[in-house]
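Notes to accompany the following structure.
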Amino acid sequence: MARVQETLRTARLLLRPLNGGDVPAITAGVGNYEVAKWLSVVPYPYHAADARAFLASEHAAPGVAWAICDGRGLQGVVSHNGALGYWLARGAWGKGYLTEALDAVVDACFAPRRVQVLHASHFEGNDRSARVLAKQGFRYVGSREVQARAMSQAVTSRLMELDRATWTARRRYALATERLTLRELRDGDLKALMRIAGDPRVARGLSDVKVPWGEEAARLWLDRARFRGRPGFRAAICRRRRLIGTVGLFEAPEGQGALCELFVEPESQGRGFATEALEAFLADVLPRFAVTQVWAAPFADIPSAGAVLARAGFVPVGRGSSVSAARQGVQETAVWHLQAPAPARP
């Protein structure tokens, strides 16, 4: 596969070319047996000389491999030399870093139109890796025996593929109501989002938008909100092709269903657009993603948000608290709940 973009940015991560200064972090990360045992070609114990040999190889070239970096430095590596490969340091597990990194890398790999299929695999029993690949839309296509060097034994490798048609479908969202259209957020929505969400009247109802809201922060927010075929996205609410707000569905903590968030520009409030968008959105996404428990937690001093939730079938269940970036502090929230029907059995 041809080399692609050498540096990628996500909401929390920098994916950059590897360099000689990464030897200590790579040695420490792959040197953990809980990491090394799931990789086919790395030895165990893993030494600095092994890291230097990797960095000197074509497998570590810019645009072929990326260092996954957070604020503390290199936390792992992702590559695409014929097939996707990746590892994450043990201390960075459970933060969603691999999903976030692969979102960016998969998009970059499919950017050249000649690329039609991406390949990946995981060892049988590596359920974490299986879930990460499934979130990208990869499907199983077979298995084969490989030699796991760190474990000095043959293991079964589950082979997976993601084709361009599946990837494209997982980047597009479309829904129509009587007066509105809902679709995936796009790069061209940035200015409209800055105008609406950055309005102090709207931002005070959101947890993660500051006032003023700069372009870099807004662009990262938009990237995090893109549709990728799973919960964890916002849909643009459009009236006559003009973006007037967004509605989103996100995974709730500890597997407790999903969280729903909604905002509409002040000029379009009081006309039933928020209710119309929310009802149609939930009717589409809840069965699509087999979600039955939905929560919402608007700030308690914004009663209009509760009124929209009530019309959509939510019921109030208590109080909570959340940070408001626009107000720079913790605010009281009203907690609402919707019990959706269980998905019909095929």
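The values are calculated or read from the model by the stated rules, or taken from the named source; none is laboratory data. Given the structure is predicted, the values throughout are model-derived calculations rather than measurements. Note that each Cβ is placed from the backbone with ideal geometry, even for glycine, and that neighbours are counted across all protein chains shown.
Note on the stretch 257-271: residues that are within 18 Å of the chain's Cα centre (by Cα) and in a loop (DSSP other than H, G, I, E, B) total 1.
Quick check on my filter: what residues within the stretch 219-275 are in contact with a Cys (Cβ under 9 Å, 6 or more places away or on another chain) and closer than 25 Å to GLY137 by Cβ? Those that are in contact with a Cys (Cβ under 9 Å, 6 or more places away or on another chain) and closer than 25 Å to GLY137 by Cβ: VAL247, GLY248, LEU249, PHE250.
Across the stretch 89-106, the number of residues qualifying as touching a residue at least 60 places away in the same chain (Cβ under 8 Å), part of a helix (DSSP H, G or I) and buried (at least 17 other Cβ atoms within 10 Å of the Cβ) comes to 7.
Residues in the stretch 109-151 that are among the hydrophobic types (A, V, I, L, M, F, W, C), within 26 Å of GLN5 (Cα to Cα) and crowded, with 19+ Cβ neighbours inside 10 Å: CYS109, PHE110, LEU118, ALA120, VAL132, LEU133, PHE138. Whenever a residue of the stretch 311-333 is in contact (Cβ under 8 Å) with a residue 12 or more places away in the chain and in the same structural domain as ALA203 (by TED's automatic domain parsing), its partners that are of a type in the set (Asp, Glu) and not in a helix (DSSP H, G or I), lying with C-beta atoms within less than 7 angstrom and at least six residues away or across chains, give the pairs ARG319/GLU332; SER321/GLU332; ALA325/ASP208. Hey, can you tell me all the residues within the stretch 135-156 that are farther than 30 Å from ALA274 by Cβ and not in a strand (DSSP E or B)? Passing the criteria: GLN136, GLY137, PHE138, ARG149, ALA150, MET151, SER152. Within the stretch 68-88, the set of residues being among the aliphatic types (A, V, I, L, M) and either assigned to a strand (DSSP E or B) or buried (at least 22 other Cβ atoms within 10 Å of the Cβ) (or both) comprises ILE68, LEU74, VAL77, VAL78, LEU84, LEU88. Being in contact (Cβ under 8 Å) with a residue 24 or more places away in the chain, assigned to a loop (DSSP other than H, G, I, E, B), closer than 27 Å to ALA217 by Cβ and out of contact with any Gly (no Cβ under 9 Å at 6 or more places or on another chain) is the requirement here; does ALA11 meet it? Against the criterion (in contact (Cβ under 8 Å) with a residue 24 or more places away in the chain, assigned to a loop (DSSP other than H, G, I, E, B), closer than 27 Å to ALA217 by Cβ and out of contact with any Gly (no Cβ under 9 Å at 6 or more places or on another chain)), ALA11 qualifies. Listed here are the helices (runs of 4 or more DSSP H) enclosed by the stretch 157-248 that have at least 1 residues being acidic (Asp, Glu), farther than 24 Å from ALA334 by Cβ and in contact (Cβ under 8 Å) with a residue 24 or more places away in the chain: 215-224. Would you confirm whether any residue within the stretch 68-81 is of a type in the set (Ser, Thr, Tyr), over 30 Å from GLU216 (Cα atoms) and touching a helix residue (DSSP H, G or I) at 6+ places or on another chain (Cβ under 8 Å)? The answer is no, given that none of the residues of the stretch 68-81 is of a type in the set (Ser, Thr, Tyr), over 30 Å from GLU216 (Cα atoms) and touching a helix residue (DSSP H, G or I) at 6+ places or on another chain (Cβ under 8 Å).
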